[in-house]
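Here's the structure, in C-alpha cells; my notes come after.
Where a number appears in this text, it was derived from the coordinates with a stated rule and is not lab data. Everything quoted here is computed from the prediction, not taken from an experiment. Cβ placement follows ideal geometry from the backbone for every residue including glycine, while neighbour counts extend to all protein chains displayed.
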Amino acid sequence: MVDMFEDEVAAFTGAKYAVAIDSCTNAIFLCCKYLQIAGKEVVIPKHTYLSVPQSIIHAGGEVAFDDREWEGLYQLKPFPIWDSAKRLCRDMYIDGQFMCLSFHIKKQLPIGKGGMILCDDKKAVEWFKRARYEGRGACNYHDDDITFLGWNMYMTPEEAARGLTLMQNYPDTIEDLEENNGYRDLTTFTIFKDCKVIKD
C-alpha cells in the first residue's frame, strides 16, 4: 500500500521517486542527515514552521535565518532540500532536488499525518527507505542485516491507503496554502536567540 501511494505521488508530481515518511518534519531531518549538513550553515526564512530549524539542529546543522518572503515552498540554502509543505500540484518536482511534502490534516492532502521526499536519486531512495525503518529493509528483520542506525519514521499502510483514496479526485492545479495569521518570527524564540540572522 505504501509503495502504491509513493508511485502515485511520484507520477503526479513528476518525480522519479517518492519516499513516504511519517511527517514533513522528519522528511526534512532525513534529507539533512543524508546530505551530511552537520557542522554546516543552513539558511531558512525566519518566518516558517517551528520544526524546520529544529530538524536542522537535530541533524547537526547550524541555522541561519533570512528575511525572504515565500509561497508554497522554499530552499534550505545552499542544500538541494526544499520545504514544500504548502504545495502539492502536478509536475511540481524540480530536477536534482530533495522536496519534502506534508500530508498533515491541515494540508492539501489531509491524511492525518505524513510526509514524503521527492527525488531522482536511487541511492538516496535506498538510504531513506532503510533510515525511516530502523535501518531495516523490506523484509522480516530476522532475515536482514542492519548496517546503520535508523529511525522509526515510516508511514503506516492505513495512512497510505487514505492518501491513495484522496489522490483519486485530487485536482491537477491547486493554490498554495497560506498560513493563518502568518508564521511567527522564529528569531523571537529563546531557543533560537543565538542563531545567525542574515539581513537583505
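Listing for the model above:
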{"read-out": "Positions within region 100-126 being outside any loop (DSSP other than H, G, I, E, B) and either over 15 Å from the mean Cα position of the chain (by Cα) or within 20 Å of MET4 (Cβ to Cβ) (or both), in sequence order", "value": "LEU101, SER102, GLY112, GLY115, MET116, ILE117, LEU118, CYS119, LYS122, LYS123, VAL125, GLU126"}
{"read-out": "Those residues of region 134-151 which are more than 17 Å from ASP3 (Cα to Cα), among the hydrophobic types (A, V, I, L, M, F, W, C) and free of Cβ contacts under 8 Å to residues at least 24 places away in the same chain, in sequence order", "value": "ILE146, PHE148, LEU149"}
{"read-out": "Qualifying residue in region 56-72 (condition: of a type outside the set (S, T, N, Q), touching a Ser or Thr at 6+ places or on another chain (Cβ under 7 Å) and within 17 Å of PHE128 (Cβ to Cβ))", "value": "no"}
{"read-out": "Contacts under 7 angstrom Cβ, first residue in region 50-74 being under 18 Å from PHE29 (Cβ atoms), partner of a type in the set (Gly, Ala, Ser) and in a loop (DSSP other than H, G, I, E, B), 6 or more apart", "value": "ALA59/ALA38; GLY60/ALA38; GLY60/GLY39; GLY61/ALA38; LEU73/SER84"}
{"read-out": "LYS46 farther than 19 Å from GLY163 by Cβ and in contact with a Ser or Thr (Cβ under 9 Å, 6 or more places away or on another chain)", "value": "yes"}
{"read-out": "Some residue of region 7-23 being aromatic (Phe, Trp, Tyr), within 25 Å of CYS195 (Cβ to Cβ) and surrounded by 17 or more Cβ atoms within 10 Å (Cβ to Cβ)", "value": "no"}
{"read-out": "Any hit, region 7-26, residues being part of a strand (DSSP E or B) and without any contact (Cβ under 8 Å) to a residue 40 or more places away in the chain", "value": "no"}
{"read-out": "Leading residue by the ranking (farthest from MET116 (Cα to Cα)) among those in region 30-49 that are under 15 Å from the mean Cα position of the chain (by Cα) and in contact (Cβ under 8 Å) with a residue 60 or more places away in the chain", "value": "THR48"}
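Yes or no, residue by residue, for (1) out of contact with any strand residue (DSSP E or B) (no Cβ under 8 Å at 6 or more places or on another chain); (2) within 16 Å of ALA27 (Cα to Cα):
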residue: GLY115; (1), (2): no, yes
residue: ASP120; (1), (2): no, yes
residue: PHE128; (1), (2): no, yes
residue: ALA131; (1), (2): yes, yes
residue: GLU134; (1), (2): no, yes
residue: ALA138; (1), (2): yes, no
residue: TYR141; (1), (2): yes, no
residue: PHE148; (1), (2): yes, no
residue: THR156; (1), (2): yes, yes
